[in-house]
Amino acid sequence: MADHIFGRSTTTSLPFAVAGDGCYLIDSTGKRYLDGSGGAAVSCLGHSDPDVRAALHAQLDRLAFAHTGFFTTEPAEALADLLIADAPEGIDRVYLVSGGSEAVEAAIKLARQYFMETGQPDRHRIIARRQSYHGNTLGALAAGGNAWRRAKFSPLLVETSHIAPCFEYREQQAGESQHAYGQRVADELEAEILRLGPDTVMAFIVEPVVGATMGAVPAVPGYLRRIREICDRYGVLLIVDEVMCGMGRTGHLFACSEDGVAPDMITVAKGLGAGYQPIGALLTTGRIYETIATGSGFFQHGHTYMGHAMAAAGATAVLRAIHDRGLLAQVQTMGAHLDEALHARFGQHPHVGDIRGRGLFRGLELVADRDSKATFDPARRLHARIKAEAMQEGLICYPMGGTIDGRAGDHVLLAPPFIITEDQIGELTDKLALAIDRALAV
């Protein structure tokens, strides 16, 4: 077969995925891979859900696409209604896009336009956190704080301020309580707003549980509440990025609900479409919407495929499955089983420093020494070795490097489908243990 694909890497030869069966993907040789990370926390219903497939077939027979400059569609309206029904207080409008980066770009631009239309044109600055990841388009990449992802493109990026993440394992001080630690790092936001000038800051963007760059690191209790208080004090919009951790992944449809916080905007994607169609969404408050509606009446933004009827039909079926099958409760139950299995297998492992996360969103941090928390030499590329060994064993997981600062540190992110069984959790931990030990032996 001729190879004309410009893939993510030019140095690897990938297996051909040809079929899906529940929690497994199957390649062209018939080999089965347990999807322990849902790809990138995407495939929350597995790879062969009959209800989602039926919804897509039915929608295709009716209508595939109608441009949102001319029409709305029943699937888009139904999806928006479902999202708002369970959204945090004040969230009232849904802007449908095709993925997470698009959702973050829309949030940034809407924040800017909101302040333009409220007579505050000096507000243009974004504050985010170090080691955050908010997407790969230029605006989203500028908001993110991962040094490795930003480095090549830094001359193209809008200047963004980055404060400390809420990274309990690495940054809580000796003798400091969990609450005191959370308040201390949250207060960095206030200090940065004051340094920049409160009248210049438009938004703070944050992941409730940091995914790809740090490996399922949740905010400590009270942290996001303090962030909300600071944003309110200075009139700064709070954007919660739930592209990876939202849509049931933590056991709540919206991860910030567990933190008791209602943001001004929420970005979602990945699990929203469960991989059956590309889709994302920006959810925003009625207040922000009404500002635009009673002002210019036009959000100066848009994409060709936003609100796509097929994508919306698939996502509607995904949300109905999550609700009708009681999958939020199942995520909490199976998340507890996964956490228990990981601690049983790796809790005393000499090179696993931390096991963390919420629901079916879990991370292991690898260390050269548990006592000092020293990292492995980045040149060793331990995370890449673990990924290769896991694939060899028939396990898909999501290892990454640069956990601490974009360069040093290794972790493995796990985000299996919500339909995973206890037996499959056993298979996951067995195969992951083999992969880690073999990678360490090299």
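The values are calculated or read from the model by the stated rules, or taken from the named source; none is laboratory data. Remember, it's a predicted structure, so these values are computed and weren't measured experimentally. Cβ: placed from backbone, ideal geometry, glycine included. Neighbour counts: every protein chain shown. Remember, those area values only see protein heavy atoms, side chains included, never the ligands or the DNA or RNA. Shrake-Rupley method; radii C 1.70, N 1.55, O 1.52, S 1.80 Å.
Please list, in order along the stretch 62-75, the HN-Hα scalar couplings obtained from phi with the Karplus expression 6.51 cos²θ - 1.76 cosθ + 1.60 (θ = phi - 60°), rounded to whole Hz, x for Gly and Pro.
9, 6, 8, 8, 9, 4, 6, x, 10, 9, 9, 9, 4, x
Treating the beta-carbon of each Lys and Arg as +1 and of each Asp and Glu as -1, no other charges, what is the dipole magnitude of the stretch 360-412 about its Cα centre, to the nearest 20 debye?
Dipole magnitude for the stretch 360-412 comes out near 100 debye.
Once you've got the Cα coordinates, tell me which of LYS270/LYS373; LYS109/LYS270; LYS152/LYS373; LYS152/LYS387; LYS270/LYS431 are over 27 Å apart.
Flagged as over cut-off: LYS270/LYS373; LYS152/LYS373.
Using R₀ = 51 Å, calculate the FRET efficiency as 1/(1 + (r/R₀)^6) where r is the Cβ-Cβ separation of GLU159 and SER28; round to 0.05.
Plugging the Cβ-Cβ distance into 1/(1 + (r/R0)^6) gives 0.65.
Have a look at LYS152, LYS431, LYS373 and tell me which one the Gaussian network model of the chain (Cα, springs below 10 Å) gives the largest fluctuation.
Ranking LYS152, LYS431, LYS373 by mean-square fluctuation puts LYS152 first.
Based on the Cβ-Cβ distance of GLN173 and HIS337, what FRET efficiency does E = 1/(1 + (r/R0)^6) give at R0 = 45 Å, to the nearest 0.05?
Plugging the Cβ-Cβ distance into 1/(1 + (r/R0)^6) gives 0.85.
How many percent of the accessible area of the stretch 105-198 is carbon or sulfur, using a 1.4 Å probe?
Carbon and sulfur atoms account for 54 percent of the accessible area of the stretch 105-198.
Determine the per residue accessible area of the chain with all protein chains present and a 1.4 angstrom probe, expressed in square angstrom.
Value returned for the chain: 43 Å² of accessible area per residue.
May I ask you to rank ASP86, ASP61, ASP232 by accessible area, largest first, using a 1.4 Å probe over the protein chains only?
My answer, sorted largest first, is ASP61, ASP232, ASP86.
On a C-alpha basis, how far is the centre of the stretch 287-351 from the centre of the stretch 60-132 in Å? Whole number, if you could?
First find each Cα centre; the distance between them is then 14 Å.
Using helices alone, I'd like the mean residue ellipticity at 222 nm for the chain: each DSSP H run of four-plus residues gives -39500 (n - 2.57), total over residue count, nearest 500.
-12000 deg cm²/dmol
Which value, in debye to the nearest 20, gives the size of the charge dipole of the chain about its Cα centre, when Lys and Arg are +1 and Asp and Glu are -1 at the Cβ?
Its charge dipole is roughly 940 debye.
May I ask which residue of ALA408, SER257, ALA66 lies farthest towards the positive end of the charge dipole of the chain, with charges of +1 (Lys, Arg) and -1 (Asp, Glu) on Cβ and the Cα centre as origin?
Value computed over the given set: ALA408.
Take the solvent-accessible surface of the protein heavy atoms, probe 1.4 Å, and return the percent of it on the stretch 304-352 that carbon and sulfur atoms account for.
In the stretch 304-352, the share of accessible area belonging to carbon and sulfur is 51 percent.
Any idea how far apart HIS4 and ASP232 come out in nm if each label point goes 7 Å out from Cα toward Cβ?
Distance between label points: 5.7 nm.
Indicate, rounded to the nearest 5 percent, the antiparallel portion of the DSSP beta bridges found entirely in the chain.
So the antiparallel bridges in the chain amount to around 70 percent.
Which residues' amide hydrogens lie under 5 Å from the amide hydrogen of VAL97, considering only partners 5 or more residues apart or on another chain, with H built in the peptide plane?
Those lying under 5 Å, H to H, from VAL97 are GLY280, ALA281, LEU282, GLY307.
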